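Notes follow the structure.
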Amino acid sequence: MFESAELGHKIDKETFKAEEPKLRAALLETQYQLRENGSFPVIILISGVDGSGKGETINVLYEWMDPRYLSTHAFYAPTAEERAHPSMWRYWRALPPKGRMGIFAGSWYSHPIAERIGNSLSRSDFDQRMDQLNRFEAMLVNEGALVLKFWIHLSKDAQRERLKTIEANPLTRWRVTKTSWDRLKTYDKMQEVAGHLLRTTNTPWAPWIIVEGTDDRYRSLTVGKTILDSLQKRLADRRDQNSPVAPPFSPRIDRLDVLSSLDMTQSLTKKVYETELATWQGRLAELMRHPEFKKRALILSFEGSDAAGKGGAIRRVMSAMDARQYQIIPIAAPTEEERAQPYLWRFWRHMPRLGRVVIFDRTWYGRVLVERVEKFCSEADWLRAYSEINDFEHDLWHAGGIVIKFWLQISDDEQLKRFEERAKVEHKRFKITEEDWRNREKAGAYHEAVCDMIDRTSSGTAPWTIVESNDKLFARIKVLRTICERLEKELKVEPMKEPRVLAAKAPKTEVTKEADMRDVKEEHEHESKTEHAKQSKTRPANASRAGKARAAKEAKAVETEEKDRPAI
C-alpha cells in the first residue's frame, strides 16, 4: 500500500511559492463558507510514521486558515481519568461542532497500533477494534461529518535520515527522544500493523489518503489541496447524505407483541411493599459498597409511558445510594450546542467513571421513539440509530459499564386516571402538559415504536426490562430487584440469602373470597381430625402402661408383707 509514497515526491521552491498563496486564499474562503453553511463538521486525522512531519503539517494548516475556527487534539497514553471511562469517551468529547474543523493528532488509531506492536493486543482483538472504529466513523459520516484521514509515510531509510536532521537542529532537537529511535527498530513491525490497519479501515465513507512525508513542501501542498477539494465538493453536494441501513420491519399478523402480552393486574399490598422495599434497598446499598463495584460503572436508563412512575422508581433507587456516588441526568429536547454534534455526543459526555452511577431519566432512545413518531428526524436517521445504539451500549459494557434499561408500561385507562389526578393536585400540575395529552392521540404509533425498539436493541449485554406499572408499588420493587440481581450477576457475588419472592397479588372477587373461606374451614376440619386420630392412637398405649405399673406396685407390697410376717 505504500509503494506510491516511496517514490521520492518533491516540489521545488518556485512552484511552492506560486501555489501557496492561491491555496491559502481558497482554504480561507472555503472555511468561511463552512461556517456560514453550518450543516456539518470536518474531522481531520493526521497519523503516520514518527518523524514524518505530522506536527509541521498541522502548523501549516493553522497558518493557512483562520485558527479561531480550528481545534487540535493530541492523544497520548490515556490518563487515569480517561482509563476510568470507556476508551472512546475522550474522542467523543473532542469532536468539533457543525461548521467547525477539528484536527486529531494521532486519533483513535494510535493506541491500538501501539498495543499491537507491543504484542499486548492479539490479531483477532485488533481486527475487532478496527471493526468498531469503522462503525464509529460510519456513524459520524451518517450524522453529516466529513472525515478526512491522512497517513504520512516514510521509508525506513527516510525515517532514519529525518530523525538525524531534526536532532541536528538546535531548535527541533527536543522532538527526537530515545523513544523515537526505539521505534525505528520496530519499523518493520510498524509497517505490518499499519498496512493491515489501512486495508481494514479504508472505507468508502472515510478512505485513507497516504502522503509521502520526505519533502515538506510536497506534503503540505498535498494535504492542503486534498482538504480544499473535499470541502468544496461537500459544500456543493446538495444530496441527502443519509441512507437507511436497517431492513424493514416484519408485520405483526396476530397483534401479539411484548407490550400487549403483559399482565397489568400485578400488584402488592402496602405491608408487603414496605418489607420488600427495605429488603432490596438494603441489598442495593451493600452492592454499591462491594469492592468489585469499584472496577465497574452502573448506567441506569429509564424510559416509559407518560405518568408511568419513572420519577417515583428513580427516587427509590436513589434512597439506597450515597449521593456522592451517583448523578441524575434528565433528558429533554437537545440544546443548540447538542444539535451541533452527533446525536450520541450529549450522552457520551455524561458517562460515569468506574465506581460511579449515572441515572438517565429519558435516554438516547428518544431518536427511535419521540423523534421517529413526531418526525423530528428523517427515516434514515432513526433506522440506523438501532445499530448505533447497540454499538454504543456494547462499548460501555466492554469498558466495564453495567447497562440496565427499564421500560415502564401502563394501560391507557390508568394513564388517563393519573393525568386527571395530576390536574387536580396543585403540586403535581407541573407534571402534566398539553404535549402529554397530545401524545395520547398517537398511542398507536408509540406502541409500535416501543415494540420495534425492544426487538432491535435488547441485547445480551444490555437487555430491556419491561415493568408492569399500573401498580406503582409493584413497579418500584421490580425495578430494585432487577438492579440487585443484575449487579450480583455482573459482580459475581453470591445472591442474597433467602431472597423474597415477588408474588403478584391479584384483586379478590366475591368468588375468590368465598373460596378462601372454604379453604380455611376445610383446613380447620382437617387439623381437628388429625388431632383426634393422634389421641385415639395414643390412648390404648397409655392405658397399658398404667396397668403394668399398678401390677408391679401390688407385687412389691405382697413381697414386703411376706418378709415382715413372723415364722411359725
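The values are calculated or read from the model by the stated rules, or taken from the named source; none is laboratory data. Owing to the predicted nature of the structure, the values given are computational and were not obtained by experimental measurement. Note that we place each Cβ from the backbone using ideal geometry, even for glycine, and neighbour counts take in every protein chain shown. These area figures cover heavy atoms from the full protein model, side chains too; ligands, DNA and RNA do not enter into them. Shrake-Rupley method; radii C 1.70, N 1.55, O 1.52, S 1.80 Å.
Worth pointing out:
- Table column - 3J(HN,Hα) (Hz), region 255-262, Karplus curve with 6.51, -1.76, 1.60, x for Gly and Pro: 6, 9, 8, 5, 8, 5, 8, 6
- Our compactness index for region 352-490, the C-alpha radius of gyration over the empirical 2.2 N^0.38 Å, is 1.16.
- Of all accessible heavy-atom area on region 293-363, the percent that carbon and sulfur account for (1.4 Å): 48 percent
- Long-range HN-HN contacts of L45 with modeled amide H, under 5 Å: F104, L148, K149, F150
- Unit Cα scatterers, Debye sum, region 76-166: log10 I(q)/I(0) for q = 0.11, 0.14 Å⁻¹: -0.43, -0.69
- Multiplying the residue separation of R35 and A323 by 0.36 nm and removing their Cα-Cα distance gives an extension gain of 99.5 nm.
- Whole-Hz Karplus values for region 116-127 come out as 5, 5, x, 6, 8, 10, 6, 4, 5, 5, 5, 5 Hz, taken residue by residue from phi with 6.51 cos²θ - 1.76 cosθ + 1.60 and θ = phi - 60°; glycine and proline positions read x.
- Residues in region 316-321 carry Karplus couplings, in order, of 5, 6, 4, 4, 8, 10 Hz; the curve used is 6.51 cos²θ - 1.76 cosθ + 1.60 with θ = phi - 60°, and Gly or Pro positions show x.
- Close amide H pairs (under 5 Å, H built 1.01 Å from N) link I210 with W151, residues at least 5 positions away or on another chain.
- Calculated Rg and Dmax of region 325-406 using C-alpha coordinates, Å: 13.1, 39
- Cα shape, region 276-430, gyration tensor, a/c 1.5 rule: oblate
- Cα gyration tensor category, rounded, prolate or oblate, for region 1-89 with a/c compared to 1.5: oblate
- Residues whose amide H falls under 5 Å from that of I329, counting only those 5 or more places apart or on a different chain, are I359, F360, D361, with hydrogens built in the peptide plane.
- Rounded FRET efficiency, nearest 0.05, which uses the C-beta distance separating W205 from K225 and R0 of 22 Å: 0.55
- Computed over neighbours whose Cβ is under 12 Å from that of R173, the net charge equals +1, Lys and Arg +1, Asp and Glu -1.
- For D381, the shell of other residues with beta-carbons less than 9 Å away shows a net charge of 0, using +1 for Lys and Arg and -1 for Asp and Glu.
- Global form of region 428-473, assessed from the alpha-carbon gyration tensor, a/c cut-off 1.5: oblate
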